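Student: My structure is below; once you've seen it, I'll send some questions.
The values are calculated or read from the model by the stated rules, or taken from the named source; none is laboratory data. Keep in mind that this is a model prediction, so the values were computed, not measured. We place every Cβ from the backbone using ideal geometry, glycine too, and count neighbours over all the protein chains shown. Just the protein is used for accessible areas: all its heavy atoms, side chains included, with ligands, DNA and RNA removed. Shrake-Rupley method; radii C 1.70, N 1.55, O 1.52, S 1.80 Å.
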Amino acid sequence: MVPATALLGLQLQYIERKSALEKEVLHLAHYDTLTGLPNRNKTVAILKEKMEGSGAVNKPFSAVIFYLQNFQLFNESLGAEVGDFILKEVTDKLNGAFGGKVFISRFSGLEFLVIKPETGASPDTTDLCKDIMETLTSPIVFHDKKLKINVAMGSARFPDDAQSPYELLRKASI
């Protein structure tokens with residue numbers, strides 16, 4: 001017969017392990033494992049919150065989607081290790097340039113989304129596009145190879161261009 005204290009200890013260990021696993025699964029469902037950035041699911045949830053909220057939440061913002069155009073060339077010719085390195089470097093460059101002033105997500109495989117609250121009377125979308133381009137113009141260096149990435153981007157504004165997350169994302173992708 002097993003003492004009650006031993007059973008209680010096992011139950012506590014089980015509960016702690018289950019809680020840790022649930023947190024890990026929740027994190028994996030909402031964040032990209034390679035870059036650590038929010039993924040599409042998390043991004044759409046955040047957009048809904050920003051758009052459907054009231055007061056301070058429901059304020060104008062610019063959204064820019066950009067796509068890494070020549071990524072496949074590097075990934076296929078130099079290998080997946082280089083592709084992963086490029087995605088991490090793009091993330092690091094964006095985080096370094098914007099320092100928490102914007103929301104950045106890896107929206108899909110080669111697409112990133114940047115959301116910036118608008119602070120002035122005029123739209124910040126054009127400035128945000130320029131800032132992203134400037135951030136990503138310097139080559140990425142991998143084992144003495146300079147890799148120059150090209151991006152295609154589109155933008156949209158809330159509330160002027162769209163009233164729902166999917167409409168905003170569609171218009172920014174055009």
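Student: Stokes-Einstein diffusion coefficient for the chain at 4 °C in a medium of 1.567 mPa s, Rh from the Kirkwood formula over Cα pairs: what value in µm²/s?
Tutor: Numbers: Rh = 18.3 Å.
In µm²/s, the coefficient rounds to 71.
Student: Mind checking the full-extension length gain between residue 22 and residue 144? Use 0.36 nm per residue of separation minus the Cα-Cα distance, one decimal, nm.
Tutor: 39.7 nm
Student: Take the Cβ-Cβ distance between residue 29 and residue 95 as r, set R0 to 22 Å, and report the resulting FRET efficiency rounded to the nearest 0.05. All intermediate terms of the calculation are to be shown ahead of the outcome.
Tutor: On the way: r = 22 Å, r/R0 = 1.00.
With a Förster radius of 22 Å, E is 0.50.
Student: Bin by bin, in steps of 10 Å, what percent of the Cα pairs in the stretch 88-154 do you find, going until the bin that has the longest distance?
Tutor: Pair shares across the bins are 17, 53, 24, 5, 1.
Student: I'd like the FRET efficiency for residue 163 and residue 41, computed as 1/(1 + (r/R0)^6) with the beta carbon distance as r and R0 of 25 Å, rounded to 0.05. Spell out each step's value before the answer.
Tutor: Numbers: r = 21 Å, r/R0 = 0.82.
Plugging the Cβ-Cβ distance into 1/(1 + (r/R0)^6) gives 0.75.
Student: Using the beta-carbon distance between residue 130 and residue 81 and R0 = 35 Å, what value does 1/(1 + (r/R0)^6) give for FRET efficiency, to the nearest 0.05? Walk me through the intermediate numbers first.
Tutor: Working: r = 31 Å, r/R0 = 0.90.
After rounding to 0.05, the efficiency reads 0.65.
Student: Put +1 on the Cβ of every Lys and Arg and -1 on every Asp and Glu Cβ in the stretch 22-174; which of 37, 117, 140 then has its Cα farthest towards the positive end of the dipole?
Tutor: Of the options given, the answer is 117.
Student: Still on this structure: Give the lysines whose C-alpha is closer than 28 Å to that of residue 145, dropping any in the same chain fewer than 8 places away, or say none.
Tutor: 88, 93, 130
Student: Can you give the angle from 0 to 90° between the axis of helix 125-137 and the longest principal axis of the chain, with both taken from C-alpha atoms, to the nearest 10?
Tutor: Helix 125-137 sits at roughly 80 degrees to that axis.
Student: Expressed as an acute angle from 0 to 90° and rounded to the nearest 10, what is the orientation of the C-alpha long axis of helix 80-98 relative to the principal long axis of the chain?
Tutor: Around 70 degrees separate the two axes.
Student: Is the shape of the stretch 1-97 rounded, prolate or oblate, going by the alpha carbon gyration tensor and its root eigenvalues a ≥ b ≥ c, with a/c under 1.5 for rounded and a/b larger than b/c for prolate? The partial results should precede the final answer.
Tutor: Numbers: a/c = 4.07, a/b = 1.54, b/c = 2.64.
Judged from the Cα gyration tensor, the stretch 1-97 comes out oblate (a/c at least 1.5, b/c at or above a/b).
Student: While we're looking at this one, here's another question. Suppose all protein chains stay in the model; what accessible area per residue would a 1.4 Å probe give for the stretch 15-100, in Å²? Mind dumping the intermediate values first?
Tutor: Values: 4990 Å² over 86 residues.
It amounts to 58 Å² per residue over the stretch 15-100.
Student: Report ³J(HN,Hα) in whole Hz for each residue of the stretch 12-19, in order, from the Karplus equation J = 6.51 cos²θ - 1.76 cosθ + 1.60 where θ = phi - 60°; Gly and Pro get x.
Tutor: 5, 4, 4, 5, 5, 5, 4, 4
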